[in-house]
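Comments concern the structure below.
The values are calculated or read from the model by the stated rules, or taken from the named source; none is laboratory data. For clarity, every value in this text was computed on a predicted model and none was experimentally measured. All Cβ positions, glycine included, derive from the backbone under ideal geometry; neighbour counts span all protein chains shown. Note: accessible area is taken over every heavy atom of the protein model, side chains too, but ligands, DNA and RNA are not part of it. Shrake-Rupley method; radii C 1.70, N 1.55, O 1.52, S 1.80 Å.
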Amino acid sequence: SVVQASLRIIASDGDVSLPRLAAKMNEFLYRTTPGNKYATFFYAQVDGERRQLRYVNAGHNPPLLVRASRTADNGHDVHELTVGGAVVGMLPGLTYEEGTVDLCAGDVLLAFTDGVTEAHNPDDAEFGEERPKDLVRQAWHLPANEIAARVSAALKDWIRDAEQFDDLTFVVMKVR
């Protein structure tokens with residue numbers, strides 16, 4: 001809730017750059033939370049006219065961008081959106097970088113919390129980093145809601161009746 005509230009306040013200043021936004025978030029959380037508290041943070045802005053995604057990733061699981069164009073081996077590239085910096089709230093004075101990606105029709109973005117990759121099955125095995133990549137690589141051609149349904153179904157099938165200790169949150173975006 002502290003992250004959401006501070007983000008709303010900081011982002012309301014429309015002139016703040018994404019690296020500056022992350023730095024302000026970091027300073028605010030560092031000053032207002034205990035030393036053992038921190039947050040991961042991914043923030044993106046889409047320019048629909050230019051078909052461009054600008055983002056900053058502060059220690060968050062890298063969202064996956066599947067390109068609609070095929071590679072030489074007839075597969076689809078999966079790019080991790082890693083540009084940014086360290087988690088927010090742990091250390092003062094950190095700086096961040098902004099990543100920029102030109103988007104094409106058919107590209108798919110899958111952003112998710114660590115609860116997705118750390119989801120356990122009844123044998124206590126984690127869902128892992130590769131399953132989300134494989135899922136979005138296989139389903140990139142579907143509409144966003146169907147990709148989301150496949151990710152959700154795969155998670156439910158994986159988890160079955162195993163108790164979870166974190167949220168299972170993800171967002172799918174498809175470029176038109």
Check: Which of (1) hydrophobic (A, V, I, L, M, F, W, C); (2) part of a helix (DSSP H, G or I); (3) within 13 Å of the chain's Cα centre (by Cα) is the odd one out, the single condition residue 172 does not satisfy?
Finding: (2)
Notebook entry, point to check: In the stretch 43-58, how many residues are of a type in the set (D, E, K, R) and in a strand (DSSP E or B)?
Noted result: 2
Margin query: Which of the helices (runs of 4 or more DSSP H) found entirely inside the stretch 110-167 contain at least 3 residues meeting this: of a type outside the set (Ser, Thr, Tyr) and more than 24 Å from residue 40 (Cα to Cα)?
Written below: 130-139, 144-159
Next item on the list: Would you mind telling me which numbered condition in (1) open to solvent by 50 Å² or more (accessible area, probe 1.4 Å); (2) part of a strand (DSSP E or B); (3) β-branched (Val, Ile, Thr) residue 82 fails?
Entry: (2)
Item checked: The one condition in (1) open to solvent by 70 Å² or more (accessible area, probe 1.4 Å); (2) under 14 Å from the mean Cα position of the chain (by Cα); (3) of a type in the set (Phe, Trp, Tyr) that residue 112 fails to fulfil -> (1)
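Here is a yes/no grid of residues against (1) in contact with a Phe, Trp or Tyr (Cβ under 8 Å, 6 or more places away or on another chain); (2) within 30 Å of residue 36 (Cβ to Cβ); (3) free of Cβ contacts under 8 Å to residues at least 12 places away in the same chain:
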residue: 83; (1), (2), (3): yes, yes, no
residue: 92; (1), (2), (3): yes, yes, no
residue: 95; (1), (2), (3): no, yes, no
residue: 102; (1), (2), (3): no, no, no
residue: 116; (1), (2), (3): yes, yes, no
residue: 119; (1), (2), (3): yes, yes, no
residue: 128; (1), (2), (3): no, yes, yes
residue: 147; (1), (2), (3): yes, no, no
residue: 150; (1), (2), (3): no, no, no
Next item on the list: Would you confirm whether any residue within the stretch 32-42 is open to solvent by less than 30 Å² (accessible area, probe 1.4 Å) and part of a strand (DSSP E or B)?
Entry: yes
Check: Are any residues in the stretch 16-31 open to solvent by 40 Å² or more (accessible area, probe 1.4 Å) and over 15 Å from residue 4 (Cβ atoms), and if so, which ones?
Finding: 17, 20, 27, 30, 31
Next item on the list: Considering every residue within the stretch 55-67, establish whether at least one is open to solvent by 20 Å² or more (accessible area, probe 1.4 Å) and over 30 Å from residue 156 (Cβ atoms).
Entry: no
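The rows are residues; the columns are (1) in contact with a Ser or Thr (Cβ under 8 Å, 6 or more places away or on another chain); (2) of a type in the set (Phe, Trp, Tyr); (3) more than 25 Å from residue 26 (Cα to Cα).
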position: 80; (1), (2), (3): no, no, no
position: 114; (1), (2), (3): yes, no, no
position: 125; (1), (2), (3): no, no, yes
position: 129; (1), (2), (3): yes, no, yes
position: 136; (1), (2), (3): no, no, yes
position: 144; (1), (2), (3): no, no, yes
position: 154; (1), (2), (3): no, no, yes
position: 160; (1), (2), (3): no, no, yes
position: 166; (1), (2), (3): yes, no, no
Note to self: Of all residues being charged (D, E, K, R) and out of contact with any Leu (no Cβ under 9 Å at 6 or more places or on another chain) in the stretch 1-15, which is least open to solvent (accessible area, probe 1.4 Å)? Just the residue, please.
What the structure shows: 15
Item checked: In the stretch 90-109, the residues that are out of contact with any helix residue (DSSP H, G or I) (no Cβ under 9 Å at 6 or more places or on another chain) and open to solvent by 40 Å² or more (accessible area, probe 1.4 Å) -> 100, 102, 104, 105
